[in-house]
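Take a look at the structure below.
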Amino acid sequence: MASPWVLHVDLDQFIAAVEVLRRPELSGRPVVIGGRGDPSERGVVSTASYEAREYGVGSGMPLRTAARRCPDAVFLPVDAPAYEAASTEVMDTLRSLGTVVEVLGWDEAFLGVGTDDPEAFARRVQEAVVDVTGLHCSVGIGDNKLRAKIATEFGKPRGMFRLTEENWYAVMADRPTHALWGIGKKTAKRLAALGFSTVRELAQADPHHLAERLGPTMGPWYRRLARGVDSSPVDGSPYIARGHGRETTFQQNLTDWAEVEAELRRLAERLADDLRREGRPAVRVAVKVRYAPFDTHTRSLTLEVPSADSDAITAAALALATKLDAGRAIRLLGVRVEMDTPKS
């Protein structure tokens, strides 16, 4: 009987790669995608090609900063429908291989595979994706989803890597805790303050101590991550978005609070339209604000009753706005709604 494996497929520089496929003359050049594609305007980098990344350009960076770091870069506007179409083609290709496919987003998915040669299957995946779509991918091979996801980073670009219980500590023990999937840099700082800076230190921590300091659920969970433990199955259910968001970057900072409220109303109404089209109510609303020059904060609240009504979404957004600093100039406003996942 074939052994069970998890493969994590991650498309290399996905958005940039889609743009280069459409414009082959850009191959090998630094390409930056973000906003309306004009680095003289405000906006942030959605993604950058590997050539642009060599200049220190990265996702979330202001476009103006990216232009200073890489003045020869080609800047392009975001074209979400094109990326959605390319992603759909990739996921359909993965399903055609007869595996369970769990879609994580536009550019990545888990595969549940039964095989005695996971590297050979990974090569088959890479060949199928590039043959059908022209896009390249990296593949992480693991004995669970956590290890497969982390393994992908060691295979980039266009490669593969196997990470299992057998080599987990040899590969991961001396790496910082934020190398673990599920631990960001803020959490890593909290862990470091408790004396856990490496994966090995966290794996050897007393779970009771972690529960006392970080909570009865999260504390022991961080320790399990450090040990590479993950029992979640690869779920082939159709991907359903957990939320929707709308945001606006202003070319001139907003300082008039009436304009701030008007923009929040506009964003909330657009999201209510999104919810009604999808037929799913929101259970939580969040407001994102980026103060000038680049200081970002998010506030959120849970609705008393799930709703897709524009008045309810607007009221929640305006209530959250009272927690913002009305004395600071605002360069970006966003509203996001989260929905319950429908039960099958």
Quick check on Val57: is it in a loop (DSSP other than H, G, I, E, B), β-branched (Val, Ile, Thr) and out of contact with any Gly (no Cβ under 7 Å at 6 or more places or on another chain)? yes
Take Pro293 and decide whether it is loosely packed, with under 13 Cβ neighbours inside 10 Å, over 30 Å from Phe110 (Cβ atoms) and within 25 Å of the chain's Cα centre (by Cα). yes
Do we have Ala109 as small (Gly, Ala, Ser), out of contact with any helix residue (DSSP H, G or I) (no Cβ under 9 Å at 6 or more places or on another chain) and surrounded by 16 or more Cβ atoms within 10 Å (Cβ to Cβ) here? no
I'd like the full set of residues that are over 12 Å from Ala317 (Cα atoms) and either free of Cβ contacts under 8 Å to residues at least 60 places away in the same chain or acidic (Asp, Glu) (or both), limited to segment 273-287. Asp273, Asp274, Arg276, Arg277, Glu278, Gly279, Pro281, Ala282, Val283
Report, by residue number, each residue of segment 65-106 that is buried (at least 19 other Cβ atoms within 10 Å of the Cβ), of a type in the set (Val, Ile, Thr) and in a strand (DSSP E or B). Val74, Val101, Val103
Some residue of segment 335-343 being within 24 Å of the chain's Cα centre (by Cα) and assigned to a helix (DSSP H, G or I): no
In this structure, is Val234 over 19 Å from Leu104 (Cβ atoms), in contact with a strand residue (DSSP E or B) (Cβ under 8 Å, 6 or more places away or on another chain) and surrounded by 19 or more Cβ atoms within 10 Å (Cβ to Cβ)? no
Of everything in segment 304-334, what is free of Cβ contacts under 8 Å to residues at least 12 places away in the same chain and in a strand (DSSP E or B)? Give them in sequence order. Glu304, Val305
Residue check, Gly195 part of a loop (DSSP other than H, G, I, E, B), in contact with a Leu (Cβ under 6 Å, 6 or more places away or on another chain) and not assigned by TED's automatic domain parsing to the domain that holds Lys145: no
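Per-residue answers, yes or no, for (1) in the same structural domain as Asp107 (by TED's automatic domain parsing); (2) in contact (Cβ under 8 Å) with a residue 12 or more places away in the chain; (3) not hydroxyl-bearing (Ser, Thr, Tyr):
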site	(1), (2), (3)
Gln13	yes, yes, yes
Arg29	yes, yes, yes
Thr47	yes, yes, no
Ser59	yes, yes, no
Arg68	yes, no, yes
Ala73	yes, yes, yes
Can you confirm whether segment 124-134 contains a residue that is under 20 Å from Ile15 (Cβ atoms), of a type in the set (Gly, Ala, Ser) and outside any loop (DSSP other than H, G, I, E, B)? no
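The values are calculated or read from the model by the stated rules, or taken from the named source; none is laboratory data. Note that the structure is predicted; figures quoted are calculated from it, not measured. Please note: Cβ atoms are built from the backbone with ideal geometry, for glycine as well, and neighbour counts cover all protein chains shown.
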